[in-house]
Every structure is written in C-alpha cells, then in structure tokens.
C-alpha cells in the first residue's frame, strides 16, 4: 500500500495547529474576559520577575553601602547608629516586599480566575454543541458507534481539550515574560550567582486546611452533577429510538444544557476555593520575609543581595515548570480536539432537504411504492415492496423473523431512506417532510419498552410535554395502568429506576402505551405491544388498543395472530417481500404461507 505523500512543512504546521485554532474560536464570545486574564497574567509575571530586585533595593539601604548592620546594643540604648536607619524605617522599607507580593498575588488570582471563567464556559459550549450534533445524527450512526465511546468524547475529551486550551493560552504568554524578567533581574544583580540553582519551598498549612474543606464540599456537588450528566447521556444514547420516535431531540438537548450549567457553577466554586490558596501562601510567606529582615537587622547579619538572588531563583521555578508542560498539554489538546471535531464533522445520513417542509396536518395515509432497502452491506431486508395503507384503518404485518416487518416501521419513521422506491405520508414523499414534524404525527409502542430513570408521571408525559396531570392520569386509565400506579409507594411520583427496572414488564408496557395515547398521533406503530403481558393484562391492553385505534391509522407487527385477527388488512411478508394481503378469512383461503403460520401457532403454540 503506497504511503501518503508528505506535506510541505508550512502545510504540516497549519494542519497540526488547525484543531487548536478551531478551539480558540470558542473563546471569541468571552474574549474580553480572556484578554483581561492574559493582561493580569502579564502584570503578575512581570511583578514575579522584579521581586528579587525589590528585595535587594529594599535591603541595601537598611544595611548601608558596606552591607553592615548597626550594633544591636545601640538600638536598645536609645540611640541609633549613623550607619543605618531606625527600626521604624526598617519596617516601612521592608513592607515594599509584601506589597509587591500581594500585588502579584492579586494579579495572579485574577489571571487564573478569569481564564477559569472562560475555560468552563468554553467547556459548556463545546459539550452542548457536540451533544446537539449527536442528537441530529440518524439511527444508523448509533448502531455503528459505541455508547461508551460517545460518552467519553462528550465528557472526557472536551474537558481535556478545554483545560489544555486555556492552560496553554495563558502560560505561553505569561510565563515567558516572567522568566525573561526574572533572568534579566538576576543577571543585573549578580550574573555569577545567577548560574546557581536554589529552590525554596514555603509551607503554609492553614490556607490549605481552610480552603481544602471548601474544595471538598464544592467538589462533592460537582461530582454529583457530573454523575447526573452521565445518566442523561447514557439514557439518551440507550433510548435514542424512543427520543427520535417522539421527536424529543430538542428536549433532551435542553435537559443536558441545564445539567451542564449546574456543573459549570459547581466547578467555579471549586476553582474559587482552590486557586486562592497559592496567592495566600505566598502573601503569608512574604510577611515572614519582613520578620526575617528585622531579625537580620537586629543581629547585624547582612544578606540583601543573597536573599534577593535566592528569591529570584525560587520564583523562576513555577514559570519554568509551566513552560516545560506546554508541549505535553498541546499534544493532549490536539488528540482530544481531533476526536471532538471528527465527531462534529460527521454528517447525518438522514437529513432534512433544503426544500423540506413541515407536515402541518396528517390524515394518516401511508404508501410504499416499490421500496427496496438493506442494512449496510447485508442482503436486502425489503424487496420492491408496495403497499397502500388507508387512513383510519388497522393493518397488521405478519411473517417469520427477518421478513422485513420492523424495516417497514423504520422507513415510515424515516429512520432510514430506501435504496429505491418511495415512502409517502398523505401523498408526500417523507424526504420532503421535516423529520421533527413527521415523527410528531406518529406514535409508537415498541417490543422493547424504554423508560427513563424518572417518575411514572414524567415517563408518561414524554408523549406530550405540555400535558396536564389530568391528561396524564386519563391516558394511564385508558391504558389500564392507573390502578397499579396508585398501588406504587409514591403513586405517579414513584421513580421507576434505570430503564424501568422497578416495574414488571407488563407494567412497563402499559406505561409505554399510555405515553403513546397521550401523544395522540394520527398514525400508530405497534411492535407486538402486548408481548410482555399475561393473559388478563393482554385482554385489557387489547381493549385499550382497540379504543385507541378508532379514527387512527394503525400498523401493527404481531407474532401472535390472535391479537390481529380483527384487523382491516393483514399483510403477509416473507424474506423482505409482501406476498399477500387481505382479511384473516380471506388469507386462510388464498395464502398458503399465512395458513401455515396460523396452524403453527394454534396447534403448536406462539410463533417465535
């Protein structure tokens, strides 16, 4: 296999930095706060570099030109030697050092806080945009991708990219200035001593203990909301078929954005408490320098230049350390950014045409004209299928597994587009109708019921987000679910658990039917809606479905023929083809395949 041609160096550089530059575009709405943070960082870096000079300039007048202190006994005898200033002057001159340190701490804190403010909003924006883009993808995308991978992209990669983005943007300007200023000052003081290495580590426990407690408290809330965000992600990706069937992409995106906003606020509480620790430690340490200089003055020990040089070398440590981390941060940023933008550039295979228009009203007429469809490279699941479904009638699809029944449902919902042929709703090609409005006129009850980790009332309300409590209870009564709901510990406010695990299969199915009833769509797609029910529950649900079907177009998939014997039309399918249509009585007379299915069920039990 031939190797791809190597790009010229300038193009290679542009290709490498393109993801980083694209990330920078997310900071444009917050550029004022970003440049404020950078400006504070520049001032803080310059103050960091001149601190040794301040120490020297403040110390030398105290110790005289020859760097000698007056005799200590002269201070306590009531007189002061002419070799140096008095104790009051010593204190005032020495206070220059903590004043500069405090100023540096303030600017450093403003730098960190401002960049964190921008950083967390960039994270929120990237996550929300990526999540909304994933919600716009077609069903085949989620069939290909792993849910865990998508969650990692949204949660982990966005955070890594955001952290690296703001860290690099801040450090690459602030720290070089701090290093250059610090080195210039050290060389000006004593270039020989500047070649030595000495690192001092001030230790201050009190700020760490006090603010560490606040960090833990805020961090707990942050992690709690992060877990809630993961729940929304997991349920969204696991229940994408339900979400798209009810056209709830915007609703899920709004739920995610709300959780992301809460996460943003909690994270800012953590940053406020954690980022103020270092300036406090340095400021408190600076006060210790004042006491040390007073002590040195009293005992006649001169070390102004020595202290200045030691302080300068120590203050160079953090900027150099930060600069050494930049290449690693850039690499991590590029990997995560590429992962994010690769997803964002993925085009949905099912998209609204520019000329697509909403379906304002739906009578319920459905037509398949010579439709053929296959999943990927597999053989065709539907072959030249033609079927006209009249509005307000009940149609049943029967056939062995793999006959193409579920495929017809998916094409009606436009989860997929046929390779050939046309699917029409009320005479309009579904590709000429916006997906949101199309699915808004279709109710579904699937064989695999999905319930959200929420209350019973909210799971039913998903069919109509504007429904009142009375409408919810009416739908539950219609689906024969009201009585068992009232028997739950908290009635309609009972949490159903992950995917409805706190309820039985039959109870889950009845809630799903109530949800479809509440939606009130003119087209109803049923996929063996009574499969999870016992005989008594099945009879009640069959009665509810009969009442629900009145005046609606129903397309039901059934393996148990007893549930569809009264259908207006039964469609017999085999290996992707529609082989016959008619009523139950007609098909028993003319369709050998239907007759064999009927005899197999009633003589040997339910079909598989």
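Out of 274, 283, report the one residue that is assigned to a helix (DSSP H, G or I), under 27 Å from residue 183 (Cβ atoms) and either modelled with pLDDT under 70 or over 22 Å from the mean Cα position of the chain (by Cα) (or both).
283
Name every residue in region 365-381 that is assigned to a loop (DSSP other than H, G, I, E, B) and at pLDDT 90 or above, in order of residue number.
365
Give, as residue ranges, the helices (runs of 4 or more DSSP H) completely inside region 499-608 that count at least 1 residues that are at pLDDT 80 or above and either under 15 Å from residue 395 (Cα atoms) or in contact with a helix residue (DSSP H, G or I) (Cβ under 8 Å, 6 or more places away or on another chain) (or both).
Answer list for region 499-608: 505-519, 584-590, 592-604.
Residue-by-condition table, conditions (1) assigned to a helix (DSSP H, G or I); (2) touching a strand residue (DSSP E or B) at 6+ places or on another chain (Cβ under 8 Å); (3) modelled with pLDDT of 65 or more:
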| site | (1), (2), (3) |
| --- | --- |
| 48 | yes, no, yes |
| 61 | yes, no, no |
| 70 | no, no, no |
| 79 | no, no, no |
| 98 | yes, no, yes |
| 109 | yes, no, yes |
| 114 | yes, no, yes |
| 129 | yes, no, yes |
| 141 | yes, no, yes |
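Which condition from (1) surrounded by fewer than 20 Cβ atoms within 10 Å (Cβ to Cβ); (2) in a loop (DSSP other than H, G, I, E, B); (3) in contact (Cβ under 8 Å) with a residue 24 or more places away in the chain is the one that residue 489 breaks?
Of everything listed in (1) surrounded by fewer than 20 Cβ atoms within 10 Å (Cβ to Cβ); (2) in a loop (DSSP other than H, G, I, E, B); (3) in contact (Cβ under 8 Å) with a residue 24 or more places away in the chain, residue 489 misses just condition (3).
Being closer than 29 Å to residue 408 by Cβ, free of Cβ contacts under 8 Å to residues at least 60 places away in the same chain and surrounded by fewer than 17 Cβ atoms within 10 Å (Cβ to Cβ): is that true of residue 505 here?
yes
In region 432-460, what count of residues is obtained for those that are farther than 20 Å from residue 357 by Cβ and either in contact (Cβ under 8 Å) with a residue 12 or more places away in the chain or buried (at least 24 other Cβ atoms within 10 Å of the Cβ) (or both)?
16
Does residue 180 fit the bill of being at pLDDT 70 or above and surrounded by fewer than 16 Cβ atoms within 10 Å (Cβ to Cβ)?
In short, yes.
Contact list please: Cβ distance under 8 Å, first residue in region 589-608 and loosely packed, with under 15 Cβ neighbours inside 10 Å, second residue in a helix (DSSP H, G or I) and modelled with pLDDT of 85 or more, pairs at least six apart or on different chains.
Between residues of region 589-608 that are loosely packed, with under 15 Cβ neighbours inside 10 Å and residues that are in a helix (DSSP H, G or I) and modelled with pLDDT of 85 or more, the close pairs are 595/587; 595/588.
Just one of (1) surrounded by 21 or more Cβ atoms within 10 Å (Cβ to Cβ); (2) without any contact (Cβ under 8 Å) to a residue 40 or more places away in the chain trips up residue 429, so point out which.
(1)
The values are calculated or read from the model by the stated rules, or taken from the named source; none is laboratory data. Keep in mind that what you see is a predicted model, and the values were worked out from it rather than measured. Here Cβ is always computed from backbone atoms with ideal geometry, including for glycine, and neighbour counts include all displayed protein chains.
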